[in-house]
1. Suppose R0 equals 41 Å. What FRET efficiency, 1/(1 + (r/R0)^6) with r the Cβ-Cβ distance, do PHE548 and ASP22 give to the nearest 0.05?
2. Would you kindly find the accessible area of ASP100, with a 1.4 Å probe and non-protein molecules such as ligands, DNA and RNA excluded, rounding to the nearest 10 Å²?
3. Across 20 Å bins from 0, what is the distribution of all Cα-Cα pair distances for the chain, in whole percents?
4. Which loop-located GluC sites (Glu not before Pro) does region 361-437 contain, where loop means any DSSP state but H, G, I, E or B and the Cβ has at most 12 other Cβ atoms within 10 Å?
5. Filter the GluC sites (Glu not before Pro) in region 496-580 to those in DSSP coil with at most 12 other Cβ atoms within 10 Å of their Cβ, and list the result.
6. Could you work out the relative contact order of region 120-226? I mean the mean sequence separation of Cα pairs under 8 Å and 6+ apart, divided by the number of residues, in percent.
7. What is the Cα coordinate range of region 1-152 on the first, second and third principal axes, sorted by size from largest, in whole angstrom?
8. Can you give the helix-only mean residue ellipticity at 222 nm for the chain, where every DSSP H stretch with n ≥ 4 adds -39500 (n - 2.57) and the sum goes over all residues, rounded to the nearest 500 deg cm²/dmol?
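The values are calculated or read from the model by the stated rules, or taken from the named source; none is laboratory data. This one's a predicted model, so the numbers in the text were calculated from it and none came from an experiment. Using ideal geometry, Cβ is built from the backbone for each residue, glycine included, and neighbour counts are taken over all protein chains shown. Ligands, DNA and RNA are stripped out before the accessible areas are found, and what is left, the full protein with its side chains, is counted by its heavy atoms. Shrake-Rupley method; radii C 1.70, N 1.55, O 1.52, S 1.80 Å.
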Amino acid sequence: MSALPSSLRAALARPVPPGGLDSIRHVVFFMQENRSFDHYFGTLRGVRGFGDRNAVTLPDGRPVFEQSGVLPYSVRAGTGDRDLTEGDLQYVEGVDHEWDTGQRTRGDGWHDGWIAGKGPGAMVHFDRRDLPFQFELADAFTLCDAYHCSMFGPTNPNRLYHWSGTVGHEPAGRRTTANDACVEDTHPGYTHTSYPERLTAAGRTWRVYQEWDNYQCNSLDFFASFKRVARAALAHTPHRSLHSFYTSIAGLPEREREEMLAALEKGVAQLAPADLDAYRRGLSRVAPGRLAASFRADVAEGRLPQVSYIVAPEAYSEHPDPSSPAHSAGLVHEILDALASHPSVWERTALFLTFDENDGFYDHVPPPLPPEGTEDEFVDGLPIGLGYRVPMTIVSPWTAGGHVCSEVFDHTSTIRFVERWLGVAEPNISSWRRRVAGDLTSAFDFTPVARPAPTPRVPDTGTAVAVPPFRVRWRATPPAEGRLASQEPGTRPARPLPYRPEASAVLADDGLIVTMTDVGDRGSHFALYPYAGEFASPRHFDVLGAEFVTVPAGAEGYRLILTGPNGFRREFAGSRTGSAARVAVSSCGAGHRLSLTIANPGPVPLTFTLEALAYGSGRREVLVAAGDRTVLDWDTASGWYDLRLTVTEDPSFHRRVMGHLENGHAGVSG
């Protein structure tokens, strides 16, 4: 049976409204707590999950999925000898998710420190049986499989990127890497400007939807400007923060609680008009259990603002200590039903569902990192981010159809979407993040169509997502014999991407010259992995146009892997003395055709073999005379290719070219 609200499935059957970004009237952000992409969707078909062909190799030759001998394992395999029910699987214990251990997982860029940093519990994952609602939602709308949290750290610093485009500075001047601000009564607050304040200044409408218990996930509580308003509102109470106020009244007898609430309202009534507006939009809270109802009422009565931020209470936050995926799914179900029950609102709304950080749960994709020396992107010589991938599902009439979008995003992308939509700029976002992360508009298709891809006709449960009763919070442990989970077979429609990456390498007297290019509008982020000791750790490059780097090539030769966006990969290996040492291989694509140009500057003819490793089959052999060159054309059925080039006379020579030829049109996932 379908877990989606019947109102939403009815909405999917209606025509998609025409237009572009100007068709949107409402944007809703719901940032949940602490799940990585692989932990959630590593087994989902058609995304970059456990079947990823572009997964990196660790320095010792093992696949990145094998971390200190531990492979990702399902919650069922991780129960050990415990007597657990299906419902208990929802309550798997969380993992340390602080800055220091997050940096350890990076392994100085090699992505091999997960067990040392987080422990074997980090490798546990769910599948469709555990997350039926979330998987069905991804199958019905658009999932972003290159969406990253913003930093290697916990909740608050990551949320600050979502609410303001950057992190703050602590009293000693150090950039924020921890949840220091959660000590709300004594923390002075961040002095930089939040994005909601910029929306107010621009005359745009916004509101935070939250209950008395907001699990300290409304980052506006941590800004000095909002702390001043909160303290003024609390003038007739003994409290210095709304957090301490609502925590204290939760256990009071009803009469005393009402007296305290009346004292708060007295202070609120005495606020200056601008402060009252800030309080009502950003700080006001509803009684426990009223979050979904307050949102539904605003939708029904035409009060939904242009930008809404939904902040869940602790029990529905999905944090893997007090909450569960089923709790969160139940709240999302209510939000979706509130929107879809009113077609005039649904047809003008985009809902973004994401997570603030990965909680330490494993993800196999090394994130893009800033090149050394990038301004505002390092703390104590360590890169702030991007952090690891987290799920992002975009629900709207223009993202229906079960697509995947593989453009790189992070939490600043949520602001940039509103920037693009409403024209309200956010200067806090660094130039590097603007360069490496997109604005989420590529996930949308505003082409008028009669209806999106058909959704299956399935019975309606008639109820919200069922939440299993809590019995035990349990720690996952890896099985004695691990086996990498298989990914669901099949592909899914893919959104077009802005990338046009290419790369090649040729040996010169002073080393291997690696050329990286991107002739698109955005540019590409590349990571270069050295496997023959060419340098100590992987290096990162942001390329728009062309960039050249000379890599040392020792007497034993060279072996490097270059990765880029959406499955782009180039492998370079060879020796200084082989007969193919100075061979140059370059590639370019047009439409669904990839062309490889092979130049043989050496003194002897060479026999080249090009063969498909995936995406079909085929093998081509060509003899290139000394001092000559040739071009090999390879037709791809869907734009995807994975080819290996070898030389009969020089076994040390190896080139691998893999990726997707972007042509500006929608396609299919690899």
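1. Calculated transfer efficiency: 0.45.
2. 110 Å²
3. Per 20 Å bin, starting at zero, the Cα-Cα P(r) for the chain comes out as 18, 50, 26, 5, 0 percent.
4. Listed in order of number, the matching sites are GLU372, GLU375.
5. Listed in order of number, the matching sites are GLU556.
6. That works out to 23 percent.
7. Computed over the Cα atoms, the extents are 53, 40, 29 Å.
8. Dividing the helical sum by the residues of the chain leaves -5500 deg cm²/dmol.
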